[in-house]
Amino acid sequence: MATTIVVTGRGGTGKSSFVALAGRHLDTPQLLIDADPDQSLAALLGADLTATDTKTISDVLYDIQAAAKKAPADLRTMPLAEKLKYLLHMNCLYESATFDMLVLGVKWTTGCYCHPNDILRAILPELAANYAITIIDSPAGLEHLNRRIVRKVDDIFAVMDPSAKSLRNVERIREISAQVGIDFQNLYLVANYRFSEEQTDSLANIPGTTYLGRMPHDPDVEAYDRAGQSLLELPADSVASAAVRDILSKAGYSVH
Ligand SMILES: Nc1ncnc2c1ncn2[C@@H]1O[C@H](COP(=O)(O)OP(=O)(O)OP(=O)(O)O)[C@@H](O)[C@H]1O
Ligand SMILES: [Mg+2]
């Protein structure tokens, strides 16, 4: 069964690092989706999207929009669903031995006939069926929930920092998901590296959530990020990597 995970949380908590490290331990093949306007996931995984000429979904939509404006009227009204699927597959899917990746991107025009999120939501169920696991790296903030990139996910992992705002953020994730009808099994909490072990006690009894563990501070994670080196190359004894493995195992995922 194809599984879909969403990783969310406030800005800079460690969402993308968690996604990259989760990819290290979960079953393959994996589809990783970078839905963050920052587009930093590829770099964390050593994926050079420029070298492979991989485009974002937004770029492809923009190009189609620009071309359609110049096309004769009868072509402009042509149904685009199949054409889009083909173009996205050919231009946007980064492929590697263990994971494939799609980047949502940021470029779209007002008056564009559809939003990149809508496209992703439309193609995702069929696409995700080809993978053991799909992991979505969400942007900070909650607007992406409103826009519903996915309707149905298995688990949401909220990466938290030790702030009152982070707690409020988790409450809002629950509220907005219920309001807009995002269906999920579990809302898992992960304490980021800024939590002390004692501070994590506060995460144990938050209604509707399950606290799984802490991703401790790991100087290598920071250093690799700064050097643009893939987190997939972290040493086997990396504390952050081992912690993520543990967290996923507690959530019932088969890990290696
Ligand atoms: N366990 C850790 N130990 C040390 N540094 C970490 C750890 N996890 C994340 N970091 C560092 O924290 C910073 C933010 O991490 P990351 O980019 O994963 O966060 P994010 O939530 O995806 O941020 P954004 O909201 O900007 O997308 C990075 O410099 C990263 O290297
Ligand atoms: Mg990020």
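The values are calculated or read from the model by the stated rules, or taken from the named source; none is laboratory data. Just so we're clear, the structure is a prediction, and the values are computed from it rather than from any experiment. Don't worry about glycine lacking a Cβ; one is built from the backbone with ideal geometry, like all the others, and counts go over all protein chains shown.
Brief remarks on what is shown
Let's see how each residue does on (1) modelled with pLDDT under 95; (2) in contact with a helix residue (DSSP H, G or I) (Cβ under 8 Å, 6 or more places away or on another chain):
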| residue | (1), (2) |
| --- | --- |
| Ile5 | no, yes |
| Lys15 | no, no |
| His25 | no, yes |
| Ser58 | yes, yes |
| Leu61 | yes, yes |
| Ala66 | yes, no |
| Leu75 | yes, yes |
| Leu84 | yes, yes |
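- Here is the figure for the range 4-28: residues that are among the hydroxyl-bearing types (Ser, Thr, Tyr), more than 8 Å from ligand 1 (Cβ to nearest atom) and more than 16 Å from Gly252 (Cβ to Cβ) total 2.
- Meets criteria (within 22 Å of Asp118 (Cα to Cα), loosely packed, with under 15 Cβ neighbours inside 10 Å and either of a type in the set (A, V, I, L, M) or within 14 Å of ligand 1 (Cβ to nearest atom) (or both)) for Val180: yes
- Within the range 131-145, restricting attention to residues that are modelled with pLDDT under 95 and assigned to a loop (DSSP other than H, G, I, E, B), the residue that is farthest from ligand 2 (Cβ to nearest atom) is Leu142.
- Inter-residue pairs, beta-carbon under 9 Å, first free of Cβ contacts under 8 Å to residues at least 24 places away in the same chain and surrounded by fewer than 19 Cβ atoms within 10 Å (Cβ to Cβ) and in the range 227-256, second of a type in the set (A, V, I, L, M) and part of a helix (DSSP H, G or I), 6+ apart: Ala236/Ala242; Val239/Val221
- Residues (within 10 Å of the chain's Cα centre (by Cα) and either more than 8 Å from ligand 1 (Cβ to nearest atom) or closer than 18 Å to Val255 by Cβ (or both)) located in the range 29-38: Leu31, Leu32, Ile33, Asp34, Ala35
- Residue count for the range 190-223 under the criterion of being out of contact with any helix residue (DSSP H, G or I) (no Cβ under 7 Å at 6 or more places or on another chain), within 23 Å of Leu234 (Cβ to Cβ) and of a type outside the set (S, T, N, Q): the result is 9.
- Within the range 172-203, no residue satisfies the criterion of being within 19 Å of the chain's Cα centre (by Cα), in a loop (DSSP other than H, G, I, E, B) and charged (D, E, K, R).
- Of all residues assigned to the range 204-222, none qualifies as being modelled with pLDDT under 95, out of contact with any Pro (no Cβ under 6 Å at 6 or more places or on another chain) and part of a helix (DSSP H, G or I).
- Only residues that are part of a helix (DSSP H, G or I) and hydroxyl-bearing (Ser, Thr, Tyr) were counted in the range 3-38, giving 2.
- Residues satisfying the stated conditions in the range 1-42, i.e. surrounded by fewer than 20 Cβ atoms within 10 Å (Cβ to Cβ) and among the hydrophobic types (A, V, I, L, M, F, W, C): Met1, Ala2
- Looking across the range 146-157, the residues that are free of Cβ contacts under 8 Å to residues at least 60 places away in the same chain and either under 25 Å from Glu95 (Cβ atoms) or assigned to a loop (DSSP other than H, G, I, E, B) (or both) come down to Arg148, Arg151.
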